[in-house]
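The structure's right below; bear with me while I get my questions together.
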Amino acid sequence: MAERNQEQEKVEKRRQMPFHMHVNLELLECVYLVAAMLLEVPYMAAHEFDARRRMISKQFHHQLRVSERQPLLGPPESMREHVVAASKAMKMGDWKACRAYILNDKMNAKVWDLFPKVDKVRLMLVRKIQEESLRTYLFTYSSVYDSISMVTLGDMFELEAPVVHSVISKMIINEELMASLDQPTLTVVMHRTEPAPLQKLALQLAEKLGNLVDNNERVFDAKQGSFGYFGRGGGGGGDQPQRGGRGECGG
């Protein structure tokens, strides 16, 4: 029998694989990271000084930390680098740069062109980027403004007036933005809410307690890992790690 070449083997493997396993893994990861970006970036801007802030997506924060460790940052190459660059642009309120990093020829070929009804997907994605960039901009720069026109915000983010009004109204209702709407002039009036000295002390205490809990969890995980290792190594017996663990906790 004639030997099959490499391309024929790939085709044969595809036939043997179940249909649901033909999903592109890079597409799945990209969709996950983009969704995490749309959730995390406004949340991070809103809770920048909140000691009780908790991450929504650990994988997204891991990619941000990997990018921060790079000694030299060049133009994004991989899909993950594009999403990280888009996140940094959204954090600054630059929705056009964010869109350019997410929707370009390279990303279209890798991810977005694989979707059915790709034009609708792109339109939906651009609209979400505009809206979340508007929210992030207000969270980040609301302390700079006394008031800002909704018409100006609509021009900055290329959104219709009803959409801008809806986004800001939801933020005010959910108590995410301390402001009020002046309907006759279509203006957002910011409310200054400086924390009282007692509130500042409470925030500092909560931050220190959070750090203490994190340190204790790391120490506990390290000890549990060492017990499990010695238990598996043989020679100590099955109940040896348990007696050691009780001895340390007791004394």
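The values are calculated or read from the model by the stated rules, or taken from the named source; none is laboratory data. Bear in mind the structure is a predicted one, so any value in this text is a computation, not a measurement. Neighbour counts run over all protein chains shown; Cβ positions are idealised from the backbone, glycine included. Side chains included, ligands, DNA and RNA excluded: accessible areas come from the protein's heavy atoms. Shrake-Rupley method; radii C 1.70, N 1.55, O 1.52, S 1.80 Å.
At a probe size of 1.4 Å, how large is the accessible area of Glu207, to the nearest 10 Å²?
100
How high is the relative contact order of the range 1-155, in percent, with contacts defined as C-alpha pairs under 8 Å that are six or more residues apart? Mind dumping the intermediate values first?
Numbers: 102 pairs, mean separation 39.7, N = 155.
Here the relative contact order equals 26 percent.
Calculate one ³J(HN,Hα) per residue across the range 91-105 by plugging θ = phi - 60° into the Karplus curve 6.51 cos²θ - 1.76 cosθ + 1.60, and present them in order as whole Hz with x for glycine and proline.
With the stated coefficients, the range 91-105 comes to 4, 8, x, 8, 6, 5, 5, 4, 4, 5, 6, 8, 10, 8, 4 Hz.
Still on this structure, I have one more. Round to the nearest 10 and report in Å² the accessible area of Asp182, as given by a 1.4 Å probe over the protein chains' heavy atoms.
Looks like 60 Å² after rounding.
Separate question: Report the local net charge at Ala89: Lys and Arg +1, Asp and Glu -1, summed over other residues whose C-beta lies under 13 Å from its C-beta.
Values: positive: Lys88, Lys91, Lys96, Arg99; negative: Glu81, Asp94, Glu132.
Net charge in that neighbourhood comes out at +1.
Give me Rg over Rh for the range 26-162, both radii from the alpha carbons and Rh done the Kirkwood way, two decimal places. Intermediate results must be reported in sequence, preceding the final value.
On the way: Rg = 15.4 Å, Rh = 15.8 Å.
With Rg and the Kirkwood Rh in hand, the quotient comes to 0.97.
If the viscosity is 0.890 mPa s and the temperature 25 °C, what Stokes-Einstein diffusion coefficient in µm²/s follows for the range 112-225 when Rh is the Kirkwood radius over Cα pairs? Could the numbers behind the result be given before it?
Details: Rh = 17.6 Å.
So the translational diffusion coefficient is about 139 µm²/s.
For a Förster distance of 25 Å, can you work out the FRET efficiency between the beta-carbons of Asn174 and Lys117, rounded to the nearest 0.05?
Details: r = 32 Å, r/R0 = 1.26.
Once the sixth-power term is evaluated, E becomes 0.20.
Can you compute the FRET efficiency between Val189 and Leu209 using 1/(1 + (r/R0)^6), with r the Cβ-Cβ distance and R0 = 35 Å? Round to the nearest 0.05. Please report the intermediate quantities before stating the final value.
Details: r = 36 Å, r/R0 = 1.03.
Using R0 = 35 Å, I get an efficiency of 0.45.
Longer than 23 Å from Cα to Cα, which of Lys88/Lys120; Lys10/Lys110; Lys58/Lys117; Lys91/Lys128; Lys128/Lys170; Lys88/Lys128 are they? Say none if no pair is.
Details: Lys88/Lys120 25 Å; Lys10/Lys110 20 Å; Lys58/Lys117 30 Å; Lys91/Lys128 14 Å; Lys128/Lys170 15 Å; Lys88/Lys128 16 Å.
The pairs that break the limit, which is 23 Å between Cα atoms, are Lys88/Lys120; Lys58/Lys117.
How high is the FRET efficiency from Thr152 to Ala222, r the C-beta distance, R0 51 Å, rounded to 0.05? Let's see the in-between values first.
On the way: r = 53 Å, r/R0 = 1.04.
So the FRET efficiency works out to roughly 0.45.
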